[in-house]
Amino acid sequence: MRREVRDRLLLPLLLPLGILVVIAAVLFGFSRILLAITHTAATTTALIVAAAIVAFSAIAATRPQVRVSTIASVLGATAGVAMLAGGIALAVVTEGEGPGPGPERPGTPGLTVVAENIAFDTDAIELAANTPTTITLDNRDAGVQHNIAIYTDDTRAEVLFRGELLTGPGTIDYQIPPLPPGEYYFQCDVHPNMNGTVVVTGAAAPGEGPTQGPPAGGATAQPAVVVALNIAFDTDTITLPANTPTTITMDNRDVGVPHNIAIYTDAELATELFNGEIVTGPITITYELPPLDEGGYHFLCIVHPNMNGTVIVE
C-alpha cells in the first residue's frame with residue numbers, strides 16, 4: 001500500500017476507531033473493578049487513575065511531535081495504573097471485609113443460600129409463614145458483590161426486604177420479617193439474572209388479614225415498609241397499631257446517602273419518641289419500635305428533615 005494512501009485515507013479512520021476500541025476495553029474492565037469494591041475504595045481508585053491520565057497526558061504534550069506510539073504508550077500506562085490501583089483496592093477490601101454470620105434470633109428457622117460463579121445454588125427459597133426467618137448468604141465470588149432482595153413479584157414494584165451488599169468471600173445473616181403465605185420473587189440486585197421464587201407456606205396467624213386489627217396479646221404487628229429514594233420517602237403517612245410493639249422497615253435505595261427514621265410528638269421536634277440508626281444505602285434496616293399511644297405524631301429523616309410525614313397510631 002502506498003504511504004500517501006495510508007496517511008490520507010486509512011490513518012484518519014483507523015486511528016480514531018482503534019483508540020475508541022482501546023478506551024472502551026479499558027473502561028469496561030475498570031468498571032468491573034469499581035463495581036466490586038466499596039464506594040470509598042472506588043472513589044479513591046478513580047481519583048488515582050484520573051491523576052495518572054492527567055500526568056501521562058502532560059508528559060505526552062511536552063513531546064515535539066505526538067505520534068501514534070506516544071498515544072499508545074499513554075493508553076497502556078493509564079490501563080496499567082488502573083489495573084494496579086484496582087487490584088490493590090480489591091486486595092485491601094477482600095482482606096478487610098467479610099462480615100461474619102450474625103447471631104440468629106432464638107427459635108428462628110434459618111437457611112443458607114450460596115452465591116458462586118455469579119449464580120445462586122437454588123432458584124427456590126421456602127419460608128414459614130408469619131415467622132421471622134434468618135437467611136444466610138454465603139458469597140463465594142471473590143471481589144464480587146451480591147445480596148438477596150425479596151419483592152412481591154418479578155416486576156419489582158414493591159420491595160419486601162433488601163439485604164446489605166456483601167463483597168465475597170464472606171457470609172452475612174439477613175433477618176427476614178414475617179411474611180404472609182404466598183409466592184414472591186427474589187434476586188441479587190447487582191446481578192438480576194441471579195433470581196428465583198420465595199415460597200411462603202403455612203396458615204395465617206390469628207387476627208391477620210386486610211380487614212382485621214393488630215394481633216392481640218401484645219404480639220408484634222406486621223412491619224410497615226418505607227422506601228427512601230432520591231432524597232424522599234415514598235409515603236408521608238405511616239400507620240401503626242396503638243399500644244403494641246411493632247417495626248418499621250426502611251429500604252434506603254439512595255446509593256451512598258445516609259437516611260434514618262425518627263419519630264417525635266409533633267413537627268416542633270420537642271419530644272423524641274424514637275430515633276433509628278442512620279444507615280447508608282443501598283441497605284434495608286428494620287427498626288424495633290416501642291408501644292405508642294393513640295394519636296398523630298411526626299416522623300422524619302434527621303439527615304434530611306425535608307423527608308417527613310405523619311405517624312398515625314390507632
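Rule-based calculations on the coordinates, nothing more; no lab input. Owing to the predicted nature of the structure, the values given are computational and were not obtained by experimental measurement. So basically every Cβ, Gly included, is an ideal-geometry build from the backbone, and we count neighbours across all protein chains shown.
Each residue of region 277-287 is assigned a 3J(HN,Hα), and the resulting list reads 4, 7, 10, 9, x, x, 6, 10, 9, 10, 8 Hz, derived from the Karplus form 6.51 cos²θ - 1.76 cosθ + 1.60 (θ = phi - 60°), x at Gly and Pro.
Sequentially through region 242-259, phi angles give Karplus couplings (6.51, -1.76, 1.60; θ = phi - 60°) of 7, 6, 9, x, 8, 9, 10, 9, 9, 9, 7, 9, 7, 5, x, 10, x, 9 Hz, Gly and Pro residues having no value and appearing as x. When you filter the GluC sites (Glu not before Pro) in region 229-285 for DSSP loop state and at most 14 other Cβ atoms inside 10 Å of their Cβ, you are left with E268, E277.
For L289, the residues whose modelled amide H falls within less than 5 Å of its own, excluding neighbours fewer than 5 places apart on the same chain, are T246, T247, I248.
Amide H contacts for V303 (H built 1.01 Å from N in the peptide plane; partners 5 or more residues away or on another chain; cut-off under 5 Å): N260. Exposure proxy shown here: for V227, V199, the number of other Cβ atoms within 10 Å sets the order, fewest to most, as V199, V227. Pulled fully out, how much extra length does the chain show between S31 and D266, if you take 0.36 nm times their separation in residues and subtract their Cα-Cα distance? Between S31 and D266, full extension yields 80.0 nm more.
From least to most packed, judged by other beta carbons within 10 angstrom and beginning with the fewest, D251, D154, D293 follow the order D293, D154, D251.
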